[in-house]
Structure formats: structure tokens, C-alpha cells
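One structure is given here, and the rest of the page talks about it.
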Amino acid sequence: MKNIKILASLLLLGQFITFGQETVKTTVKYGIDNPELLDFFDFQNIAVERFDFESPKINGKYYRVYIKEFKNGKLTDTKTLFNATEADIFRISSSVFNFKIFTQISKDNLTIQLRKSTYASAKKDFKLTENSYEYATKDFFGAKMAIENPINGEFPLLAIITPTKHSDGSASYCEVVQSEITPEKLGEHFKIPHYFLITMEFK
């Protein structure tokens with residue numbers, strides 16, 4: 001009887017662990033299919049990334065997308081890029097959902113906007129503290145085709161960063177976003193003076 005109780009407890013614990021680890025499959029597509037328009041976007045230093053989310057658990061949920069600014073390894077500002085809880089028309093109505101995030105890096109300025117086919121967020125502008133030519137928009141996928149992100153927690157989508165620099169004069173963006181370092185600690189670990197994170201959560 002004691003063994004049966006132990007087994008039942010383990011099964012119940014397993015259910016709680018599984019529940020706590022519910023995830024949404026996230027994929028990303030960079031750029032657009034029109035080559036001429038893509039050339040124009042590159043010329044204007046505009047990056048476009050489409051994020052697709054798939055899970056039966058997101059049906060009926062809302063979502064929020066944030067922009068977090070870090071200076072010298074410290075979080076200095078958090079802005080809401082889009083808050084879908086503001087209206088029922090933004091509620092997710094299927095198990096598959098997507099949006100695009102546009103970023104444009106111009107002289108001394110970063111502009112970010114979220115867009116879907118039927119609506120878009122307000123544009124958010126930020127002043128750049130480093131040389132604007134050093135900033136680049138990067139995702140966290142690396143060579144992966146998809147990432148499992150938590151449904152019940154906040155997770156990163158993009159980073160707008162300057163590269164980590166080495167004593168031999170070389171520099172790398174991929175070393176930063178493909179590391180195992182927590183995104184909020186990238187500036188501190190890689191000595192990046194200024195960067196942004198775009199994160200989201202389901203509600």
C-alpha cells in the first residue's frame with residue numbers, strides 16, 4: 001500500500017511538472033519574399049522578422065509585447081510595444097498565431113513597430129548612445145528551426161545590440177545572441193554598453 005501511495009504521489013507530481021512546462025512552438029522568418037523591396041529595406045536599414053506561434057493552449061489568450069532598454073548592464077526602461085488585452089478584437093482565436101516586428105536603425109535613433117494584417121502598434125522611438133552603424137537586430141534562434149517558449153511566462157524574441165568586442169580587434173553579434181547567457185545579462189557579461197530586448201508573454 002505504501003508503494004502505491006508513493007507511485008500515486010510521483011504521478012501527481014509529474015502532472016504538475018508537465019503543467020508548469022507547457023510551451024508554445026515558436027518559429028521565425030527573416031525578411032520578405034520580394035527581392036527588390038528587400039533591397040530597399042536593407043538600404044534603409046529596416047529589419048523585418050515574422051514570428052509564428054503554435055499551440056492549442058494559446059487559443060483564447062491575449063498577449064503583450066515589451067521593449068526593454070539596458071545601459072551598462074542595467075535595465076533602465078521598459079515600454080509596452082503592444083497590449084492585446086486592451087480590446088477583445090486582439091484576442092487570439094486559433095491555435096496558430098503570428099505577427100511581424102519591424103525595426104529601423106537610423107542616425108542616433110531606433111524605431112520599432114509590431115504589425116499584423118489587420119492592425120499595428122504605435123511606433124516607438126529610442127535614442128542610440130553608440131555609433132548607429134554598430135547596432136543590429138538579432139533573434140535567438142541560431143541554427144534552430146523552432147524554439148519551445150513558455151506559455152505561462154515572459155520570453156525574448158529579439159535583441160537590438162552592438163557586438164561584443166575582443167582584444168584582437170574582432171567583434172561578434174552571434175556570439176552574444178547564441179550564448180547560454182540570460183538575455184537580461186548580455187550587457188553585463190559581454191560588456192555591451194547599450195542594447196534592447198523585445199519580449200512577450202501570453203495572458
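Please list, ordered by first then second residue, the pairs with beta carbon atoms under 8 Å, 6 or more apart or interchain, first in the stretch 118-140 and over 18 Å from ASP77 (Cβ atoms) and touching a residue at least 40 places away in the same chain (Cβ under 8 Å), second open to solvent by 80 Å² or more (accessible area, probe 1.4 Å) and outside any loop (DSSP other than H, G, I, E, B).
That search, which allows pairs on different chains as well, returns ASP139/TYR30.
Tell me, which residue of the stretch 165-183 that is in contact (Cβ under 8 Å) with a residue 24 or more places away in the chain and β-branched (Val, Ile, Thr) is nearest to ASN72 (Cα to Cα)? Give the steps one after another, and end with the answer.
Here is the first cut: in the stretch 165-183, the ones in contact (Cβ under 8 Å) with a residue 24 or more places away in the chain are 165, 173-174, 176-178, 183.
Now narrow it down to the ones that are β-branched (Val, Ile, Thr): 176-177.
Values: VAL176: 15, VAL177: 17 Å.
Result: VAL176.
Restricting attention to the stretch 69-85, report how many residues are open to solvent by less than 30 Å² (accessible area, probe 1.4 Å) and over 17 Å from LYS203 (Cβ atoms).
Here is the first cut: in the stretch 69-85, the residues open to solvent by less than 30 Å² (accessible area, probe 1.4 Å) are 69-70, 73, 81-82, 84.
Checking the rest, the ones that are also over 17 Å from LYS203 (Cβ atoms) come to 69-70, 73.
Looking only at that region, the number is 3.
Go through the stretch 35-88 residue by residue and tally those that are touching a helix residue (DSSP H, G or I) at 6+ places or on another chain (Cβ under 9 Å) and of a type outside the set (Val, Ile, Thr).
Restricting attention to the stretch 35-88, the residues satisfying the condition of being touching a helix residue (DSSP H, G or I) at 6+ places or on another chain (Cβ under 9 Å) are 45-48, 61-65, 68, 70-75, 82-84.
Narrowing further to those that are of a type outside the set (Val, Ile, Thr): 45, 47, 61-64, 68, 70-75, 82-84.
Of the residues in the stretch 35-88, 16 are touching a helix residue (DSSP H, G or I) at 6+ places or on another chain (Cβ under 9 Å) and of a type outside the set (Val, Ile, Thr).
Go through (1) in contact with a Pro (Cβ under 8 Å, 6 or more places away or on another chain); (2) modelled with pLDDT under 95 for PRO156 and report which single condition fails.
PRO156 satisfies every listed condition except (2).
Restricting to the stretch 173-203, give me the number of residues that are in contact with a His (Cβ under 8 Å, 6 or more places away or on another chain) and within 17 Å of GLU130 (Cα to Cα).
Within the stretch 173-203, the first condition is being in contact with a His (Cβ under 8 Å, 6 or more places away or on another chain), and the residues that meet it are 179, 181, 187.
Going one step further and asking which of them are within 17 Å of GLU130 (Cα to Cα), we end up with 187.
Total meeting the criteria: 1.
Take the conditions of a type in the set (Val, Ile, Thr), open to solvent by less than 20 Å² (accessible area, probe 1.4 Å) and more than 30 Å from TYR62 (Cβ to Cβ) and apply them to ILE151. Does it pass?
Working: of a type in the set (Val, Ile, Thr): yes; open to solvent by less than 20 Å² (accessible area, probe 1.4 Å): yes; more than 30 Å from TYR62 (Cβ to Cβ): no.
No, not satisfied.
Go through the stretch 29-58 and give me each residue that's closer than 16 Å to SER106 by Cβ and free of Cβ contacts under 8 Å to residues at least 12 places away in the same chain. Outline the logic, then answer.
As a first pass, look at the stretch 29-58 and keep what is closer than 16 Å to SER106 by Cβ: 40-48.
Answer for the stretch 29-58, where residues must be closer than 16 Å to SER106 by Cβ and free of Cβ contacts under 8 Å to residues at least 12 places away in the same chain: PHE40, PHE41, ASP42, PHE43.
Can you name the residue in the stretch 178-202 that is hydrophobic (A, V, I, L, M, F, W, C) and open to solvent by less than 10 Å² (accessible area, probe 1.4 Å) and is also nearest to the chain's Cα centre (by Cα) among such residues? Full working, then the answer.
Pass one, the stretch 178-202, residues hydrophobic (A, V, I, L, M, F, W, C): 181, 186, 190, 192, 196-198, 200, 202.
Going one step further and asking which of them are open to solvent by less than 10 Å² (accessible area, probe 1.4 Å), we end up with 186, 192, 196-198, 200.
Working: LEU186: 14, ILE192: 18, PHE196: 10, LEU197: 7, ILE198: 5, MET200: 6 Å.
Applying the filter and picking the extreme gives ILE198.
Inspect all residues belonging to the stretch 127-146 and state whether any of them is acidic (Asp, Glu) and open to solvent by 80 Å² or more (accessible area, probe 1.4 Å).
From the stretch 127-146, those acidic (Asp, Glu) are 130, 134, 139; that's our starting set.
Next, from what is left, pick out any that are open to solvent by 80 Å² or more (accessible area, probe 1.4 Å): none.
Looking through the stretch 127-146, none of the residues is acidic (Asp, Glu) and open to solvent by 80 Å² or more (accessible area, probe 1.4 Å).
Out of the stretch 154-173, which residues are within 15 Å of the chain's Cα centre (by Cα) and open to solvent by 20 Å² or more (accessible area, probe 1.4 Å)? Before you say what the answer is, go through the steps one by one.
Let us first name the residues in the stretch 154-173 that are within 15 Å of the chain's Cα centre (by Cα), namely 154-161.
If the condition is that a residue be within 15 Å of the chain's Cα centre (by Cα) and open to solvent by 20 Å² or more (accessible area, probe 1.4 Å), then GLU154, PRO156 are the ones that fit.
Rundown of residues vs (1) of a type outside the set (Phe, Trp, Tyr); (2) modelled with pLDDT under 95; (3) surrounded by fewer than 13 Cβ atoms within 10 Å (Cβ to Cβ), yes/no style:
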{"residue": "LEU10", "(1), (2), (3)": "yes, yes, yes"}
{"residue": "GLN21", "(1), (2), (3)": "yes, yes, yes"}
{"residue": "THR27", "(1), (2), (3)": "yes, no, no"}
{"residue": "ASP33", "(1), (2), (3)": "yes, yes, yes"}
{"residue": "PHE40", "(1), (2), (3)": "no, yes, yes"}
{"residue": "PHE51", "(1), (2), (3)": "no, no, no"}
{"residue": "LYS107", "(1), (2), (3)": "yes, yes, yes"}
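For residues that are of a type in the set (A, V, I, L, M) and either within 16 Å of THR27 (Cα to Cα) or open to solvent by 40 Å² or more (accessible area, probe 1.4 Å) (or both), scanning just the stretch 86-105, find the one that is nearest to the chain's Cα centre (by Cα).
Restricting attention to the stretch 86-105, the residues satisfying the condition of being of a type in the set (A, V, I, L, M) are 87, 89, 92, 96, 101, 105.
Narrowing the set further to residues that are either within 16 Å of THR27 (Cα to Cα) or open to solvent by 40 Å² or more (accessible area, probe 1.4 Å) (or both) leaves 89, 96, 101.
Details: ILE89: 23, VAL96: 17, ILE101: 9 Å.
Checked the stretch 86-105; the qualifying residue nearest to the chain's Cα centre (by Cα) is ILE101.
The values are calculated or read from the model by the stated rules, or taken from the named source; none is laboratory data. Treat the numbers as computed from the prediction; the structure is a model and nothing was measured. Cβ coordinates were reconstructed from backbone atoms using ideal geometry, including for glycine residues, and neighbour counts include every protein chain displayed. For accessibility, only protein heavy atoms count, side chains too; no ligands or nucleic acids. Shrake-Rupley method; radii C 1.70, N 1.55, O 1.52, S 1.80 Å.
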